[in-house]
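Asks: Structure provided below as structure tokens; questions to follow.
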Amino acid sequence: MSSSVLKNDREGDNETVSLPKILVDRVRTRLSKSDFDSVSDYIVYVVTEVLNGLDSRADEKGRPSKEAEKSVFSEKEQEEVEERLKSLGYI
């Protein structure tokens, strides 16, 4: 993929976002196995795909639809994920 994945036509339409170095390093290791030109291109693509998926499962007010609310995790897995996120300081 080239930088045209979500290319802005106007200068100044970009913002800087801080990411953990370990995450950026993981993306860098995947670049050679992808068609992306840069870490930024890769991350823009992934975030766009996630948001598009969420948007496609939202109702007219932007809330998750009943189908989207169904968890892909078991209750135990959900608890483990939440504990991990808490231990990492995300929640």
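The values are calculated or read from the model by the stated rules, or taken from the named source; none is laboratory data. The structure displayed is predicted, hence computed values, not measured ones. As a convention, Cβ positions derive from the backbone with ideal geometry for all residues, glycine included, and neighbour counts pool all protein chains shown.
Asks: For the subset of region 65-87 comprising residues that are hydroxyl-bearing (Ser, Thr, Tyr) and at pLDDT below 65, which member is surrounded by the fewest Cβ atoms within 10 Å (Cβ to Cβ)? It would help to see each step written out before you state the result.
Replies: Step one: of region 65-87, the residues hydroxyl-bearing (Ser, Thr, Tyr) are 65, 71, 74, 87.
Filter again for at pLDDT below 65, leaving 65, 71.
Details: Ser65: 12, Ser71: 10.
That would be Ser71.
Asks: Separate question: Can you work out which of the residues in region 40-64 that are loosely packed, with under 12 Cβ neighbours inside 10 Å and not charged (D, E, K, R) is modelled with the lowest pLDDT?
Replies: Our first condition is that a residue be loosely packed, with under 12 Cβ neighbours inside 10 Å; within region 40-64, this holds for 49-53, 55-56, 59-63.
Those left that are additionally not charged (D, E, K, R): 50-53, 56, 62.
Details: Val50: 86, Leu51: 83, Asn52: 82, Gly53: 79, Ser56: 74, Gly62: 63.
Filtering first and then ranking leaves Gly62.
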